[in-house]
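The values are calculated or read from the model by the stated rules, or taken from the named source; none is laboratory data. If you're wondering where the values come from, they're calculated on a predicted model, not measured in any experiment. Ideal geometry is used to build each Cβ from the backbone, glycine not excepted, and the neighbour counts take in all protein chains shown. Calculation scope for accessible area: heavy atoms of the full protein, side chains included, ligands and nucleic acids excluded. Shrake-Rupley method; radii C 1.70, N 1.55, O 1.52, S 1.80 Å.
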Amino acid sequence: MAEIVSLAEAVERAIHDGDTVAMEGFTHLIPFAAGHEVIRQRRRDLTLIRMTPDLIYDQLIGAGCARKLIFSWGGNPGVGSLHRFRDAVEHSWPVPLEIEEHSHAGMANRYVAGASGLPFAVLRGYNGTDLYRLETLNGGHGPVPVMEGPTIKPITCPFTGETLTAVSAIRPDVAVIHAQRADRSGNVQLWGITGVQKEAVLASARSVVTVEEIVDELDPRPGAVVLPGWTVSFVARAPDGAHPSYALGYSVRDNDYYVAWDAIARERDTFTRWLDEQVYGVPAGRL
């Protein structure tokens, strides 16, 4: 059952050096406050998973938290590149970064397989693509190094004989998401644009959910997702915990922040100064 704790305690108890960590949230409900607490606690050698790595993973990578990134698209939405991500890949700063790339559909189906207790998902869309060709070439020993074994393999349909593509399930050690509400029993409610938050939590061994508020009772919301308390490890109240993204019904997107980030992250010195002032110098939110 979910425990309601401070954000600092949730991260301390759930996320350890070397863990595989999925931080999900699409367009809104991106768990920035939790990501900053991971940086603040100086976690290292993490395998980070996210369908759309954006500013939060640029920050984690630049802070030296990441060993590997599993993703399907990376960029500063509407602005440009992720400079700390690029610096890590091209120049191994602050540490080398291994990458594993999939399509959006591949990532989503990998989460679904993990949440369903299945070893893999099956797709048609990878056939003929470079993602398929590079990882499966020579049994996974092609020009793209696969450090931990291939995650994409051909599979023959037992009914039609058609060659399809199998992608391995994602089963993170920890899922981290942001949501609008939780009740005092740890049941979590989120609504608006939902990505794969539910699947990430169900696929993971542990989970941290930050919320805008904790209420006595969850009121019905059309289209809302409810994660029962027994599926969640830790809930932490973190008002505005999705900033600079937004939480529908609670905050709006800070577009200026995304534009400003391009200049902050472009050079190592400006990024390091931002890190010292805005993350290390700011205490975690309290209950």
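Residues whose amide H falls under 5 Å from that of A175, counting only those 5 or more places apart or on a different chain, are A22, R206, S207, V208, with hydrogens built in the peptide plane. Heavy-atom accessible area for W93, with the other protein chains in place and a 1.4 Å probe, reaches approximately 60 Å². Each Lys and Arg Cβ is given +1 and each Asp and Glu Cβ -1; about its Cα centre, the chain then shows a dipole of about 420 debye. When both bridge partners sit in the chain, DSSP labels roughly 35% of those beta bridges antiparallel. Take every pair of alpha-carbon atoms less than 8 Å apart whose residues are at least six positions apart; their mean separation over the length of segment 70-115 yields a relative contact order of 45 percent. Only the Cβ atoms of Lys and Arg (+1) and of Asp and Glu (-1) were treated as charged; on that basis the dipole of segment 143-252 about its Cα centre amounts to roughly 220 debye. The order of D262, D269 by accessible area, most exposed first and with a 1.4 Å probe, is D269, D262. For I155 and E277, a Förster radius of 51 Å and the Cβ-Cβ distance give a FRET efficiency of 0.50, rounded to the nearest 0.05. When the chain is treated as a Gaussian network with alpha carbon springs shorter than 10 Å, the biggest mean-square fluctuation among Y258, Y250, Y126 belongs to Y250.
Between the listed residues V208, F120, A88, the Cα displaced farthest toward the positive end of the dipole of the chain, a dipole computed from Cβ unit charges relative to the Cα centre, is found at F120. Of the listed values [x] 30, 25, 16; [y] 26, 25, 18; [z] 34, 21, 19, identify the label whose number matches semi-axes √(5λ) of the Cα gyration tensor in Å calculated from this model. Given [x] 30, 25, 16; [y] 26, 25, 18; [z] 34, 21, 19, the calculated one carries the label [x].
For I155, the amide hydrogen comes within under 5 Å of the amide hydrogens of L164, T165, A166, counting only partners 5 or more places away or on other chains and with H modelled in the peptide plane. Rounded to the nearest whole Hz, the Karplus-based 3J(HN,Hα) values (6.51 cos²θ - 1.76 cosθ + 1.60, θ = phi - 60°) of segment 102-117 follow the sequence 9, 7, 4, 4, x, 5, 4, 6, 5, 5, 4, 4, x, 5, 8, x, with x at glycine and proline. Normalised by the number of residues in segment 1-136, the average gap of Cα pairs under 8 Å and 6 or more apart makes the relative contact order 17 percent. Scanning residues 5 or more positions from E3 or on other chains, those with amide H under 5 Å from its amide H are F234, V235, with H placed 1.01 Å from N in the peptide plane. Taking each DSSP H run with n ≥ 4 as -39500 (n - 2.57) and averaging over every residue of the chain yields -8000 deg cm²/dmol at 222 nm.
Pairs of Cα atoms under 8 Å, at least six residues apart: use those to get the relative contact order of the chain, whole percent. Computed value for the chain: 25 percent relative contact order. Note on the chain: with a GNM built from Cα contacts shorter than 10 Å, the maximum mean-square fluctuation among V235, V176, V225 falls on V225. For segment 12-93, the dipole from Cβ point charges (+1 on Lys and Arg, -1 on Asp and Glu) about the Cα centre works out to 120 debye, to the nearest 20.
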